[in-house]
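> Once you've had a glance at the structure underneath, I'll fire off some questions.
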Amino acid sequence: MQRTPMTAGGYEALDEELKNLKSVERPAIIQAIAEAREHGDLSENAEYHAAKEKQSFIEGRIVELEDKLSRADVIDLSKVKGDKIVFGATVTIIDVDTEEEATYQIVGEDEADIAQGKVSNTSPIARALIGKGEGDEAEVAAPGGARVYEIAEVKYV
């Protein structure tokens with residue numbers, strides 16, 4: 001079984017989603033299915049079929065979350081330090097061509113959210129940055145072509 005790196009915050013978010021699905025969503029959909037059954041003929045009952053489809057989604061998501069949580073390797077970011085970029089690092093980079101600056105934190109796949117500046121450790125940019133330090137350059141194979149970034153700052157929260 002392959003372990004998946006994850007921050008404590010990411011683990012807690014997945015755990016909360018799982019608890020919500022089990023304690024709120026699952027009972028609600030069971031109730032909705034029961035109510036739809038009371039309406040009679042199930043073959044033409046759209047409410048019943050929609051509720052069964054939602055139940056299938058919820059049960060699948062529960063299984064997926066339980067698997068992810070069981071394989072989680074929670075990394076304590078307070079213990080991560082150094083001058084090289086590793087999982088959990090917050091990195092400020094500067095595009096060499098455009099001089100645009102961006103800051104990203106390298107997190108697990110399930111935590112990635114580019115709008116919040118969090119990139120997956122398996123993303124092309126994270127793979128290019130890991131192992132490098134401040135002042136180094138990293139070439140990233142992006143969909144629009146290769147980009148070169150200078151690493152301006154590396155910090156650990």
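> Which one is farthest from residue 85 (Cα to Cα), of the residues in segment 113-144 that are in a loop (DSSP other than H, G, I, E, B) and either charged (D, E, K, R) or outside the structural domain of residue 93 (by TED's automatic domain parsing) (or both)? Let's see the steps before the verdict.
Looking only at segment 113-144, we keep the residues that are in a loop (DSSP other than H, G, I, E, B), and these are 117, 121-123, 130-132, 134-136, 143-144.
Subset that is either charged (D, E, K, R) or outside the structural domain of residue 93 (by TED's automatic domain parsing) (or both): 132, 134, 136.
Values: 132: 6, 134: 9, 136: 11 Å.
Within segment 113-144, the match that is farthest from residue 85 (Cα to Cα) is 136.
> In segment 87-104, which residue that is surrounded by 16 or more Cβ atoms within 10 Å (Cβ to Cβ) and more than 17 Å from the chain's Cα centre (by Cα) is nearest to residue 8 (Cα to Cα)?
In the first step, residues of segment 87-104 are kept if they are surrounded by 16 or more Cβ atoms within 10 Å (Cβ to Cβ); the result is 87-94, 104.
Now narrow it down to the ones that are more than 17 Å from the chain's Cα centre (by Cα): 91-94.
Numbers: 91: 19, 92: 22, 93: 25, 94: 28 Å.
Going through the qualifying residues, I end up with 91.
> Does residue 112 satisfy the criteria of being closer than 23 Å to residue 2 by Cβ, of a type in the set (A, V, I, L, M, F, W, C) and at pLDDT 90 or above?
On the way: closer than 23 Å to residue 2 by Cβ: yes; of a type in the set (A, V, I, L, M, F, W, C): yes; at pLDDT 90 or above: yes.
Considered against the rule, which asks whether it is closer than 23 Å to residue 2 by Cβ, of a type in the set (A, V, I, L, M, F, W, C) and at pLDDT 90 or above, residue 112 comes out as yes.
> Please determine, by comparing only the residues of segment 11-47 that are touching a helix residue (DSSP H, G or I) at 6+ places or on another chain (Cβ under 8 Å) and among the β-branched types (Val, Ile, Thr), which one is surrounded by the fewest Cβ atoms within 10 Å (Cβ to Cβ).
Step one: filter segment 11-47 for residues touching a helix residue (DSSP H, G or I) at 6+ places or on another chain (Cβ under 8 Å), giving 11, 13-15, 17-18, 21-22, 25-26, 29-30, 32-33, 35-37, 39, 42, 45, 47.
Add one more test, that the residue is among the β-branched types (Val, Ile, Thr), and what stays is 29-30, 33.
Working: 29: 20, 30: 13, 33: 16.
For segment 11-47, the residue satisfying everything is 30.
> Name the residues in segment 5-49 that are free of Cβ contacts under 8 Å to residues at least 12 places away in the same chain, more than 29 Å from residue 122 (Cβ to Cβ) and assigned to a helix (DSSP H, G or I), would you? Talk me through it step by step, then tell me what you get.
Filtering segment 5-49 for residues free of Cβ contacts under 8 Å to residues at least 12 places away in the same chain gives 12, 16, 19-20, 23-24, 27-28, 31, 34, 37-46, 49.
Next cut, more than 29 Å from residue 122 (Cβ to Cβ) only: 23-24, 27-28, 31, 34, 37-46, 49.
Residues satisfying the conditions are 23, 24, 27, 28, 31, 34, 37, 42, 43, 44, 46, 49.
> To continue, here is another question. Only one of these conditions is not met by residue 157: (1) part of a strand (DSSP E or B); (2) of a type in the set (A, V, I, L, M, F, W, C); (3) more than 15 Å from the chain's Cα centre (by Cα). Which number is it?
Single failed check for residue 157: (1).
The values are calculated or read from the model by the stated rules, or taken from the named source; none is laboratory data. Just so you know, these numbers come straight off a predicted model, no measurement behind them. Cβ coordinates were reconstructed from backbone atoms using ideal geometry, including for glycine residues, and neighbour counts include every protein chain displayed.
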